[in-house]
1. Any idea which of (1) within 14 Å of another protein chain (Cβ to nearest Cβ); (2) buried (at least 18 other Cβ atoms within 10 Å of the Cβ) is the one residue A:341 doesn't satisfy?
2. What pairs can you find where one residue is in region A:307-318 and within 8 Å of chain B (Cβ to nearest Cβ) and within 17 Å of residue B:376 (Cα to Cα), the other is of a type in the set (S, T, N, Q) and buried (at least 24 other Cβ atoms within 10 Å of the Cβ), and their Cβ atoms are less than 7 Å apart, with a gap of 6+ or different chains?
3. Can you tell me which residue among A:203, A:219 is part of a loop (DSSP other than H, G, I, E, B) and more than 14 Å from every other protein chain (Cβ to nearest Cβ)?
4. How do the helices (runs of 4 or more DSSP H) wholly within region A:294-405 filter down when requiring 2 or more residues that are over 25 Å from the mean Cα position of the chain (by Cα), among the small types (Gly, Ala, Ser) and at pLDDT below 95: which remain?
5. From the residues in region A:144-158 that are in a loop (DSSP other than H, G, I, E, B) and closer than 22 Å to residue A:191 by Cβ, which one is nearest to the chain's Cα centre (by Cα)?
6. What do you reckon, is residue A:597 within 21 Å of the chain's Cα centre (by Cα) and crowded, with 23+ Cβ neighbours inside 10 Å?
7. Collect the residues in region B:323-360 that are within 10 Å of chain A (Cβ to nearest Cβ) and either under 22 Å from the mean Cα position of the chain (by Cα) or within 25 Å of residue B:287 (Cα to Cα) (or both), keeping them in residue-number order.
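The values are calculated or read from the model by the stated rules, or taken from the named source; none is laboratory data. These numbers come from a predicted model, not from an experiment. Methodologically, a virtual Cβ is constructed for each residue, glycine included, from the backbone with ideal geometry; neighbour enumeration extends over all protein chains shown.
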Amino acid sequence: MKIRRLSAAVAVAASGALLFSACTSPAGNDDPAEGESTATSAAADGPCKADLGDITTADGEVKVSVEDEFLGYNTNTPETYSTYNSAVTDRIFGGFYYFGADGSICADEDYGTYEAISEDPLQVQYTLNDEAAWSDGTPITYADYLLDWAAQAITEDGKVTDDGSETPLFNHISGLTLGDYVPEGPQADAPDAKSFTYDYERVYADWKIQIGSAFPAHVVAEEAGVSTEELVTAIQDLDMDVLKKAAKFWNEGWLSQPGEVPDPAIAPVSGPYDFKADGWEAGQYITLEANDKYWGTPAATKELTFRFVAADAQIQALANGDLDVIQPNGPTVDTVTQLEQLGDAVTVDTNQNLTWEHLDFNFNSGIFSDSLEAREAFALCVPRQKIVDDLIKPIAPEAVMMNAREVFPFQENYEATVSESYDGRYDEVDLEAAKEKFAAAGLKEGEKVRIGYAAPNPRRAAEVEAIKSSCDQVGFEIVDSAAPDFFDKDLPNGDYEVALFAWAGSGQIASGENIYSSTGQQNYGGYSDKTVDEAWKTLASTTDEAVHAEQTVIIEKQLWDTLFGIPLFAHPGVIASSSSLENVRNTAAQSGVLWNSEQWARAS
Amino acid sequence: MLKFILRRIGASALVLLGASLLMFFLTINSGDPLKDLRESNDPNREQLMAQRSELLRLDDSPWERYWDWLSGVGGCFTGNCDLGVTINGVDVLGLTQQAAVSTLRLITVATVLAIIVGIALGILTAIRQYSGFDYSITFSAFLFFSLPVFWAATLLKEFAAIQYNNWIADGHYAPWTIVIVAVVAGFLLQAVLGGTRKRRMLTAAAVFAFVTVILFVFNALDWWRNPMFGIGGVLVVSAAAGVLVTALVAGLRNRRALYAALTTVVVGVVAYLAFAPLLVNSPSWGLLAGLFVLAVLVSVGIGAAWGGYARKQSMLVTGITGVITSLMVFADLLIAHWASFLGVKSRPISTIGSQTPNFTGGFWEQVLDMATQILLPTILLTLVSVATHSRYTRSSMLETLNQDYVRTARSKGLSEREVIVKHAFRNALIPITTIVAFDFAALIGGAVITEQVFGWKGMGALFQDGLNAVDPAPVMAFFLVTGVAAVLMNLLADIAYAALDPRIRR
């Protein structure tokens, strides 16, 4: 499953992602208390899932909260795609990769392996595990991945997409992007081949997360009234008679009415968990049970139940044993305090996640648009450390001020990137220097600065308050111009001087190009810088990680020097679990605490 | 009467139509359904927006969309309902059915309880106007009425669920807890029963002694974990209820009614003995419902047989007694299965959900599971509604009690029971009917917060999720159900009005 850069608003609502922090004590508690170290054993060996040795599935049930109803087996349609749905489907589909606890890419070798056999032109070879099979016994093969490609490549007119802008035949959330990059589709010797190659038309920096899991082609073939081989031929020959039927089933056949567990005949699974017969009660819960046909490391606990519970009811449900693992959305200081009051029965872990808050200048109009000095004056008076200390640390004590945009404080390469791109000049408020810059920019006392953000958001209101109390001394007059429709109106219309919002980090390498390059779709402020544009171009057109690191430093440095905006902090996240559970581990990625749920086990 | 009803229905249909139009336009203009996509940077953003516009038909005129929704609803009369699909592609008709069932389950018990308790409290406080009891009930009513639901829910979860579950693991009261409970019970009962100072003291002392002894005995028997009620319990409690019902409805001087009530109880207990093996070994909801109907029929029959000069009254007495006896039998069966239920579910009271996921256990354990899951939201909804009901009943009762005809009745030498039950209460009921009917309609749509804090997905969630996504189909489905419920309840209130107040029938 590909994790995409979520929109800012959605990200705030769904910031289900927490920091990798191997030896974090719970918030506000300096001495690691007993029973609070369960995550350490699993966290000790890097960001990927720990190798726990031989596991046999133990009887029992683990109950975890998700905040919304399960929608269906096919989680790749625009209607069903959501973090809540993926929380369930990620357990039933195996895939070539997953995101580790700090957002880095980990390969799932139980499922298969992949490598770039040529870097330019980019050719990637995927090899499935020989034992990999759907729960109905059919092996997972090339045919499944060819269908996966077809669903992201074929247009309504029965052609392979040219530039990804046509109307697609399949109702796929990713549209025709894959077909745009790989117009030939995956290549293999036979429909049931275990190994296949993707020839990229142009180099794609994020190739590692392009191909993940697949849907069962044999089911689609049967529903379309053909054999799997015939479906493969039909895709290769673009035979629309067959493809239309296949697409119809792909689009509609896997939708569920709440409470109706998908028929195992059309919904075989490829992951450690499978649907449990009668295990779905509409509006209440859905239960998965260990997939006994799974060839890889089996699930540690037999049943995994997702209960649909709003954030405000989760903590008491955890205290009462109605839930075993929770990850409340948008945690506040209260969340952490309440969880701590539950004592030793509950293990709490806080972290920072991949969603990060920042102030962006408006380069299209206003006082900051063409005056570096004005931007510097503002940057010098923003009390970044105070904002982190007052608003974030009470939730996640390990939180720090963020000094980069493309790397996060909890990631390995953060120190290296920041030390080369930023000298710490805006770390502390310097009102004198700010006043000098203010004068140099030719600004007059009482210059209005509108800070826009999407209301209501108490935390951002507090941030603006802190900025106001500091920057008004310099001569600015900070105006809190929060609006509920900030993203619809003020941001596109340019009715702001500084925008305050958050991006959800995606794990993608090149997605920042959209934000910082002159023509980027999400470059709302109209920033334009040749060095940055070129660096992004270089970065996006290679798969060489050394070049990625090098260009990231160039981009970060230039963004600091020209002051695109000011990064503030990574959002805090909180998970809590019953202390009788082992291996519950926090993650910064959007997949949330469930990411290693097949490893959760009751302490015996 | 028929003409009146038809005219009401016609007017209501027009009101519903107008309201639905307003609702539809308000919903589709309440926000931007493409908001999240506008902020997205997916390469295929335009496609996704086009796709959603097509799904929600954003490019069609609102009138056209409303008309299509309306014709979909019109289909309900010809058997092919179409309420559209949600933004997630889920059929709304199915969703609405699930939500309505869930909400009805949640509110039915609460509403019935609230009506009974609220009206009873209202009458008692009216009779004991300006007594300590009246003041305390008034105080509590205002307290509960003004409680923020989410906060009360949090307290309930903490004390009635989490703390109770911790306690039931052991299941013994500490001695000082027993003393406090007994003192409170003694104080409350003397306040309700009233009388001279000496009589009050006696009442309080007796209650205190009784409660203390009972609780110590329960401790000794480990009763809270292994409770039993037994045939004897059913017999005693039902007989007491029978006497009380007779006293209220017919007066104890009507010996025929009293004997009829007692006969009903005895027959009920004997029937329980006869049916016990069936109820324990192969229970089902169908069986329970069947037996309940049978029990009511037999009870009413007994009343008719004993009745004599006051046959109707006697039938009412035995009918109510029969229902109470049946409930006691049901309670006895549940209590008998409590120990085995605790074995399956060691923390019986849950804070969320309408059932325990994947609950394994027999029929009676499942009934207990549903009961314990519904307990907290029911308490909460009841407390809030009791407040309104008791206040309305009190004032309405006070008003009638001060009427001339009540004074006349008293001066005729009627007993206080007859004055209150026959003359005052009946007339006081008329305005209350309206309130109760409205309250029921409001509860169907109004339990949004209760649903959310207790993790029930009902009509409230349907409405809220739909509105958040600017998705008209579920919002309109919510409107349809609540609107029709409001109209129907209103109509029922009018009919009940006519039945209670002969002046209206003209």
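1. (2)
2. A:309/A:65; A:313/B:351; A:316/B:351; A:317/B:351
3. A:203
4. It comes to A:311-319, A:372-381.
5. It comes out as A:152.
6. yes
7. Residues satisfying the conditions are B:349, B:350, B:351, B:352, B:353, B:354, B:355, B:356, B:358.
Residues are listed down the side, and each one gets a yes or a no for (1) among the acidic types (Asp, Glu); (2) surrounded by 23 or more Cβ atoms within 10 Å (Cβ to Cβ); (3) under 15 Å from residue A:563 (Cα atoms):
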{"residue": "A:349", "(1), (2), (3)": "yes, yes, no"}
{"residue": "A:397", "(1), (2), (3)": "no, no, no"}
{"residue": "A:415", "(1), (2), (3)": "yes, no, no"}
{"residue": "A:424", "(1), (2), (3)": "no, no, yes"}
